[in-house]
Each structure stands twice: as structure tokens, then as C-alpha cells.
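Structure, as C-alpha cells:
The values are calculated or read from the model by the stated rules, or taken from the named source; none is laboratory data. Here the structure is a predicted model, which means the values were calculated and not measured. Cβ placement follows ideal geometry from the backbone for every residue including glycine, while neighbour counts extend to all protein chains displayed.
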Amino acid sequence: MENKPPPRERYRAAMLLSAAGDALGYRNQLWEYCKSGPQIHSELQEIGGLSNIGVSLPEWPVSDDTVLHLATAESLGTGKLHEELFMELAARYVSAMCDMEGRKPGPTSILGTSQLRPGEPGGYRIPFNPTATGCGAAMRAMCIGLRFPRASELPQLVAVSVESGKMTHNHPTGYLGSLASALFTALSIQGVPLELWGSRLLEALPLALDHIQSTDGDAKRHIEVWDYFRGSWERYLTQRGLIHGSGPAAFPSVYGPAERDLEYNSWSLDGWAGRSGHDAPMIAYDSLLGAGASWEALCSRSMFHGAACCWGVHYGLSGVPEGNYKHLEYRERLVAAADALHRLAWGTDQ
């Protein structure tokens, strides 16, 4: 896969469906904060199911996650690298916070962006935050895998995902979620079997730790809480029978919405499934393992967790109701960002 560019349409599908999934899961504040899977499924049927939903304003806006994912993608689309890129990311994250009316950004993202100082030396760094364990960094990092999709680019993917995540969620549980989202997108492009993704994430964690130890003056505080993310993923992969990278995944015999609620909660940090940096990509991964080629099954199992981006890379827009993405908020920006990332990653407009 190192020398074979994926079709540009797959990049477009990845960006569009990540935003579509976000808008569907958010449902203008109605579903993002609902902890009951059965209730969401019941309400979905009441409005006619996925195929009956036209994702457009004003009923179906994107949330803060897509606004910040676009900020990440458009920063990467400038072609900047290293410190120049980190400064660009910081500036765009600060600017993006002006587009949060009705989108419910999390308190950690609000605090983190308020501490950024774009243009000043080191202005993309904020202090370590012992409570910054949330999923916000993971939700905006998928496009990093689109920019650095090759296996040989793993060190760049690690550095960019970690540094971008630390700009708001400067705690390993938070910013390693950013690494997971970016890595899973890259692995999807590489065609790596799903069953291997979790073990590949574990293999990438030492690179992330090396990066922290070589760049962060407060590395000791990171190391003290490093093991929670790794340990959580090791337990999950053991539970699914994937700890050694072989499959198939072992799911419970009954795994409907109510059962998934219990399962997802058991992985959570604070009893709110998908709210933290370790379990948001975990739920996305679990959903991809179980959904196969079905967009409806993917949405049933997980939304606004980045799963739709990886699914779009693999399957494109095939099987997705056109109304779910045709009139999506910021559609033109999403397509333009996808095209820019494809050109930079692969040097082609095809």
C-alpha cells in the first residue's frame, strides 16, 4: 500500500461520513448526552430510521467535534510540518472556538484553547492537566491518519497526534485517544485487517512515550498516569480475543443496544461510555469489528466516535443514504480538506 494511492473519493467519504456520524450522534444536543442506547434506537425508529434522515441545518448541525476536526484537517492541508504545523493547529483551534454557538464544546477543550498562545514561542503548549482525560482530542484526530497514511510515516503520525491532542487534553488518557483515532484511520488506508488494529496501537505506545520524554519538560507526570490507557486497551483486546492480533473477535452471544450499554460502561473511566480518550476509539473499534459493510449497523453500534471516518476510507459512500451526507453542514469545506490531504499524502489529484 506504500505505493498505491487510494481513490480521492475515499478521502472525501472519510471526511464527509465522520461529520455525518457526528451530526447524527449529536442530533442537535438531543442524543449526545443520552446514555440509553435503547431510547436512542426507539427515537430513531419514530422518525423513520436512518434512510429517512436528511442531515442538514437547522435540525442536524455538526457538533464541536467536527468544527475542531475541520480545524485539524485544514491545518494539515497547508502542508506545514513540525513546529510550523503545531503553531497552525493552535491558531486554528483558538479560532474554531468562535464557531461553538449551540455546539456544546467540552470544558477541557474550552480551557485548553484559552491557554494556547499562537504566534508566541512554545505557544502551542499548555500545562499538564490531571483531569484532561476526555475524548475531545480523539474526536478531531482522524484526519491525521489521512495526512500520514503510510506505515513508514508512523513517527510523524505519532508526533502530530500527540502534540495536537495535548493542546487541549494534556493527559495521556486524553491525547493517546488522538493517537488511536489517527492510527486507525491510517491502518484502514493501508488495508491492515481490523483484528490487528488494537495490537498495532499497543505497539505504537512506546513511540508516543519516547516523544513525551524527549519533548516535554514535565514528562514525569505523564509517566505516572501512562498505564491507564495501555492497561484499558490490553483488557479490552483480551476480552475480544485479539490481544495477540489474531481473530475473529469474540462478541457476546446477545449484543443488542441494552447489552452494549452495559459493555461500553464497563470500559469507561467515570460511568459515561465514550466520554474518555481511551474508550471513545475503543467503542469505534468495537463497532467497526461488528458492523462489517453495513452503515446502518455501524450507526447502531456507535456514532460520533470516529468510526465513520475509518468506515468511509474502507467502503466509501456505498450503502449510505444520500440524505445522510448530501446537504451536510460544512460539506464544501470537508470535501476541500479531503482533497488537500489526498494531494499532500499521495501527490495526485486522482
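Would you tally the residues in segment 164-205 being aromatic (F, W, Y) and closer than 12 Å to A132 by Cβ? Give the derivation first.
Going through segment 164-205, the residues aromatic (F, W, Y) turn out to be 175, 184, 197.
Now restrict to residues that are closer than 12 Å to A132 by Cβ: 175.
Here the count works out to 1.
Evaluate segment 321-335: report whether one residue or more is part of a loop (DSSP other than H, G, I, E, B), modelled with pLDDT under 95, in contact with a helix residue (DSSP H, G or I) (Cβ under 7 Å, 6 or more places away or on another chain) and surrounded by 24 or more Cβ atoms within 10 Å (Cβ to Cβ).
Initially, segment 321-335 is screened for residues part of a loop (DSSP other than H, G, I, E, B), giving 321, 325-330.
When the remaining residues are screened for being modelled with pLDDT under 95, the result is none.
The answer is no; no qualifying residue exists.
Considering only residues that are touching a residue at least 60 places away in the same chain (Cβ under 8 Å) and either under 20 Å from P321 (Cα atoms) or of a type in the set (A, V, I, L, M) (or both), look in segment 34-48 and name the one that is surrounded by the fewest Cβ atoms within 10 Å (Cβ to Cβ).
The initial filter retains those residues of segment 34-48 that are touching a residue at least 60 places away in the same chain (Cβ under 8 Å), namely 35-38, 40-41.
Filter once more, keeping what is either under 20 Å from P321 (Cα atoms) or of a type in the set (A, V, I, L, M) (or both): 40-41.
On the way: I40: 19, H41: 15.
Looking at the filtered set, the residue picked out is H41.
Looking at (1) surrounded by fewer than 23 Cβ atoms within 10 Å (Cβ to Cβ); (2) under 22 Å from A73 (Cα atoms); (3) of a type outside the set (A, V, I, L, M, F, W, C); (4) in contact with a Lys or Arg (Cβ under 9 Å, 6 or more places away or on another chain), which is the one condition that is false for G245?
Just one mismatch for G245, condition (2).
If the requirement is being within 13 Å of L194 (Cα to Cα) and touching a residue at least 12 places away in the same chain (Cβ under 8 Å), which of these qualifies: H222, H244?
Working: H222 fails: within 13 Å of L194 (Cα to Cα).
Step by step, each of H222, H244 is checked, and only H244 is within 13 Å of L194 (Cα to Cα) and touching a residue at least 12 places away in the same chain (Cβ under 8 Å).
Which pairs have Cβ atoms under 7 Å, sit 6 or more apart or on different chains, and link a residue in segment 289-301 that is within 21 Å of K35 (Cβ to Cβ) to one that is not in a helix (DSSP H, G or I)?
So the pair list comes out as G290/F251.
Name the one entry in G191, G274 that is touching a residue at least 24 places away in the same chain (Cβ under 8 Å), under 19 Å from the mean Cα position of the chain (by Cα) and surrounded by fewer than 17 Cβ atoms within 10 Å (Cβ to Cβ).
Values: G274 fails: surrounded by fewer than 17 Cβ atoms within 10 Å (Cβ to Cβ).
Of G191, G274, the one residue that is touching a residue at least 24 places away in the same chain (Cβ under 8 Å), under 19 Å from the mean Cα position of the chain (by Cα) and surrounded by fewer than 17 Cβ atoms within 10 Å (Cβ to Cβ) is G191.
The rows are residues; the columns are (1) in contact with a Ser or Thr (Cβ under 8 Å, 6 or more places away or on another chain); (2) in a loop (DSSP other than H, G, I, E, B); (3) on the phi > 0 side of the Ramachandran plot.
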position: V254; (1), (2), (3): no, yes, no
position: L262; (1), (2), (3): no, no, no
position: W272; (1), (2), (3): no, yes, no
position: I283; (1), (2), (3): yes, no, no
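I want to confirm something. Restricting to segment 285-297 and keeping residues that are more than 15 Å from the chain's Cα centre (by Cα) and not in a loop (DSSP other than H, G, I, E, B), which single residue is surrounded by the most Cβ atoms within 10 Å (Cβ to Cβ)?
First pass over segment 285-297, keeping only residues more than 15 Å from the chain's Cα centre (by Cα): 289-297.
Among the residues that remain, those that are also not in a loop (DSSP other than H, G, I, E, B) are: 289-291, 295-297.
Working: L289: 20, G290: 18, A291: 19, W295: 23, E296: 14, A297: 13.
That would be W295.
Have a look at M100, M87 and point out the one that is of a type outside the set (D, E) and closer than 24 Å to L157 by Cα. Spell out the reasoning first.
Working: M100 fails: closer than 24 Å to L157 by Cα.
When all the criteria are applied, what remains is M87.
So, A250, is that one in contact (Cβ under 8 Å) with a residue 24 or more places away in the chain and outside any helix (DSSP H, G or I) or not? Steps first, answer last, please.
On the way: in contact (Cβ under 8 Å) with a residue 24 or more places away in the chain: no; outside any helix (DSSP H, G or I): yes.
No.
Return yes when Y315 is closer than 18 Å to Q190 by Cα, surrounded by fewer than 24 Cβ atoms within 10 Å (Cβ to Cβ), hydroxyl-bearing (S, T, Y) and touching a residue at least 60 places away in the same chain (Cβ under 8 Å) and no when it is not.
yes
Could you say whether any residue in segment 170-181 is more than 17 Å from S232 (Cβ to Cβ), part of a helix (DSSP H, G or I) and at pLDDT 95 or above? Full working, then the answer.
Step one: list which residues in segment 170-181 are more than 17 Å from S232 (Cβ to Cβ), which gives 170.
Now drop any that are not part of a helix (DSSP H, G or I), which leaves none.
Looking through segment 170-181, none of the residues is more than 17 Å from S232 (Cβ to Cβ), part of a helix (DSSP H, G or I) and at pLDDT 95 or above.
Within segment 83-111, can you find the residues that are over 18 Å from the mean Cα position of the chain (by Cα), in contact (Cβ under 8 Å) with a residue 60 or more places away in the chain and surrounded by fewer than 21 Cβ atoms within 10 Å (Cβ to Cβ)?
G102
Just give me the residues in segment 49-82 being within 23 Å of S318 (Cα to Cα), surrounded by fewer than 16 Cβ atoms within 10 Å (Cβ to Cβ) and not polar (S, T, N, Q), in sequence order.
Those that are within 23 Å of S318 (Cα to Cα), surrounded by fewer than 16 Cβ atoms within 10 Å (Cβ to Cβ) and not polar (S, T, N, Q): G49, G54.
Quick one: what pairs do we get from segment 202-218, first residue surrounded by 13 or more Cβ atoms within 10 Å (Cβ to Cβ), second assigned to a helix (DSSP H, G or I) and of a type in the set (K, R), C-beta under 9 Å, 6+ apart or different chains?
L202/R230; L205/R230; I212/K166; D216/K166
Which ones in segment 5-33 are within 21 Å of G77 (Cα to Cα) and surrounded by fewer than 24 Cβ atoms within 10 Å (Cβ to Cβ)?
Those that are within 21 Å of G77 (Cα to Cα) and surrounded by fewer than 24 Cβ atoms within 10 Å (Cβ to Cβ): P5, P6, P7, R8, E9, R10, R12.
So, G245, is that one closer than 24 Å to C34 by Cβ, part of a loop (DSSP other than H, G, I, E, B) and modelled with pLDDT under 95 or not? Let's see the steps before the verdict.
Values: closer than 24 Å to C34 by Cβ: no; part of a loop (DSSP other than H, G, I, E, B): yes; modelled with pLDDT under 95: yes.
No: the conditions fail for G245.
When you scan segment 258-268, do you find a residue that is of a type in the set (A, V, I, L, M), at pLDDT below 95, farther than 26 Å from L57 by Cα and surrounded by fewer than 24 Cβ atoms within 10 Å (Cβ to Cβ), even just one?
Yes, some residue in segment 258-268 is of a type in the set (A, V, I, L, M), at pLDDT below 95, farther than 26 Å from L57 by Cα and surrounded by fewer than 24 Cβ atoms within 10 Å (Cβ to Cβ).
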